[in-house]
């Protein structure tokens, strides 16, 4: 999964369905959800792109989307945020979250 920043965020989220995972390296639940997101990306590669934003390296994006807790996942469709979840989610919940768009 690609880590994006303020410079390329809009480009990466402007088309299609994109799940953005706001995380930090020191966050335990963030580390737990990374392998889940990798599996989901492999399974749903034709339906969704999954990218990551490091809140420590790019706090501006976290502020822009009112990310107060991590991990926070925001689902974008054609550049617009349409749904969000905070905290760890098992794989079936992540898939349901994405397919609910």
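If the viscosity is 0.692 mPa s and the temperature 37 °C, what translational diffusion coefficient in µm²/s does Stokes-Einstein give for region 2-99 when Rh comes from Kirkwood over Cα pairs? Don't jump to the answer; show the numbers that get you there.
Values: Rh = 13.2 Å.
It comes out at roughly 249 µm²/s.
Quick one: 56, 46, 21, fewest Cβ neighbours within 10 Å first, how do they rank?
Working: 56 12, 46 5, 21 21.
Arranged by neighbour count, lowest to highest, 56, 46, 21 become 46, 56, 21.
Taking R0 as 30 Å, what's the FRET efficiency between residue 78 and residue 26 from their Cβ-Cβ distance, rounded to 0.05?
On the way: r = 33 Å, r/R0 = 1.10.
Computed FRET efficiency for residue 78 and residue 26: 0.35.
In which sequence would 49, 69 go, from the one with the fewest C-beta neighbours within 10 Å to the one with the most?
The most exposed by this proxy come first: 69, 49.
Full-extension gain between residue 57 and residue 39, please, as 0.36 nm times their residue separation minus the C-alpha to C-alpha distance. Show your work: numbers first, answer last.
Numbers: separation 18, 0.36 × 18 = 6.48 nm, distance 2.50 nm.
Residue separation times 0.36 nm, minus the Cα-Cα distance, leaves 4.0 nm.
Could I have the simple spin-label model distance between residue 5 and residue 46, label points 7 Å from Cα toward Cβ, reported in nm to one decimal?
Inter-label distance under the simple model: 3.6 nm.
Only the coordinates and a few stated rules stand behind these numbers; no lab work does. Note that this is a predicted model, so its numbers are computed, not measured. Note: ideal-geometry Cβ built from the backbone for every residue, glycine included; neighbour counts use all protein chains shown.
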